[in-house]
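Here's the structure, in structure tokens; my notes come after.
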Amino acid sequence: MSIDLARARADTPAVARLLHFNNAGAGLMPAPVLETVIEHLHLEAEIGGYEAAAMAAARHERVYDSIATLLNCHRDEVALVENATVAWQLAFHSLQLEAGDRILTGEAEYASNYISFLQVARARGVAVAVVPSDEDGALSVAALERMIGPEVKLIAVTHVPTNGGLVNPAAAIGRLARAHRIPFLLDACQSVGQLPIDVDAIGCDMLSATGRKYLRGPRGTGFLYVRRALLERLEPPFIDLQGATWVAPDRYELRPDARRFENWENYFAGQLGLGAAIDYALAWGLHAIAARIVPLAESLRSRLGAIPGVTLRDLGTQRCGIVSFTVAGQEARDLVAGLRRQHINISASGPSSTLLDALARKLPDLLRASVHYYNSEAEVDRFAGAIEKIAKAS
């Protein structure tokens, strides 16, 4: 199945007045998602929040089924949380790493994740080791294999880094992790929704994701996947009456499923919207979505690369819908603001977001243009034209 661009754009009314190449920041919600959220908020206002939740309980339960279909996992391996950062932190801190344990990660790891590595290194004496990149800029699987030893208690990798365009070899990493029985935590914040994700084929034990990016869901939504075989060994770093039951004055029992990672109060309307966003993506087909996004991004790279003064900053042989570049003589954040005045949305990514990669490549602030399946070839042309005009004026 191919993407019906006209229908996709009709479901996204904002594209009539806006060129949105900031899908790695937050995708534009399609009409069915927006309607789902607004409908439930209206219901809450009319009958009360608890009462509205009770009325929508069956629909809310189906969100777990939708995520399970998206990831090829079981519904009891899914927790609904506030965002991808919360999901990742819950998984990471539940491992209870100790002095002498070692974490293996990649050069393009995201700042929030690496800060947590440093936190446990300082507090508990855990060691953090960075796996070198291969000649194309992706995590080197060969180097990873050489670095594995009995002290390695976690492999944690960002699937699609915040900038750089690359897709790390998650399935190859997963095969090594399984072979050595090392937990594998995959940050899929920017891959879920633009690429097909099969946790069984990848071999990750935990996966964190957000609703707002390529899934085109509401902000304030995310989810965590935890493989059944690992789940029973994990206790979340904090729990409430959603994740556990107080069974005696001095005892509680954790839920047997991944919902032990949830807390009781949540953004119910947003979670319904997340389910609608996932169902919407599944209806298009994730293979069809990827088949639309990847060539469109390559077309954008080709157009930008031909402009004097523009330098592409992407890595890897497998690349995604994120295109990173700089324009000579232009401060990235000033350029972002200038484009916004032209109703063109992109974002800037500073070196601190992926500090190890930025230091290794001596990167300044980068411009990040991220396309989606509802973007058009005409928008690529318009965007390239706008950048060429700016580059010429520099």
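The values are calculated or read from the model by the stated rules, or taken from the named source; none is laboratory data. No experiment lies behind these values; they were computed from the predicted model shown. Positions of Cβ are backbone-derived with ideal geometry, glycine not excepted, and every protein chain shown enters the neighbour counts.
This table checks each residue for (1) part of a loop (DSSP other than H, G, I, E, B); (2) surrounded by 22 or more Cβ atoms within 10 Å (Cβ to Cβ); (3) not aliphatic (A, V, I, L, M).
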{"position": "Y252", "(1), (2), (3)": "no, no, yes"}
{"position": "A269", "(1), (2), (3)": "no, yes, no"}
{"position": "L274", "(1), (2), (3)": "no, yes, no"}
{"position": "A290", "(1), (2), (3)": "no, no, no"}
{"position": "E298", "(1), (2), (3)": "no, no, yes"}
{"position": "R303", "(1), (2), (3)": "no, no, yes"}
{"position": "I307", "(1), (2), (3)": "yes, no, no"}
{"position": "T317", "(1), (2), (3)": "yes, no, yes"}
When only residues in region 43-80 that are under 17 Å from F223 (Cβ atoms) and among the charged types (D, E, K, R) count, which is surrounded by the most Cβ atoms within 10 Å (Cβ to Cβ)? E77
Of the residues in region 101-132, those that are of a type in the set (A, V, I, L, M, F, W, C), surrounded by fewer than 22 Cβ atoms within 10 Å (Cβ to Cβ) and assigned to a strand (DSSP E or B) number 4
Inside region 331-374, the number of residues satisfying the requirement of being assigned to a helix (DSSP H, G or I) and of a type in the set (S, T, N, Q) is 3
Those residues of region 328-345 which are buried (at least 16 other Cβ atoms within 10 Å of the Cβ), farther than 24 Å from E107 by Cα and either among the hydrophobic types (A, V, I, L, M, F, W, C) or within 21 Å of the chain's Cα centre (by Cα) (or both), in sequence order: L335, V336, L339, I344, N345
Index of the failed condition, A142 passing every other in (1) more than 17 Å from the chain's Cα centre (by Cα); (2) surrounded by fewer than 18 Cβ atoms within 10 Å (Cβ to Cβ); (3) within 21 Å of N83 (Cα to Cα): (3)
Quick one: which residue in S208, S191 is under 10 Å from the mean Cα position of the chain (by Cα), at pLDDT 95 or above and within 15 Å of R227 (Cβ to Cβ)? S208
Suppose the filter is under 25 Å from G217 (Cβ atoms) and out of contact with any His (no Cβ under 8 Å at 6 or more places or on another chain); does M147 pass it? no
From A290, A283, A297, A337, residue being within 30 Å of A68 (Cα to Cα) and without any contact (Cβ under 8 Å) to a residue 12 or more places away in the chain: A283
For the structure I just gave you, tell me whether L195 is touching a His at 6+ places or on another chain (Cβ under 9 Å) and crowded, with 20+ Cβ neighbours inside 10 Å. yes
Please state which one of R216, R227, R255 is modelled with pLDDT of 95 or more and on the phi > 0 side of the Ramachandran plot. R216
Checklist (1) within 24 Å of the chain's Cα centre (by Cα); (2) buried (at least 22 other Cβ atoms within 10 Å of the Cβ) applied to H40, failing item: (1)
Mind checking whether some residue in region 355-373 is within 29 Å of P13 (Cβ to Cβ) and more than 22 Å from the chain's Cα centre (by Cα)? no
Which ones in region 1-27 are part of a loop (DSSP other than H, G, I, E, B) and within 22 Å of G385 (Cα to Cα)? R17, L18, F21, N23, A24
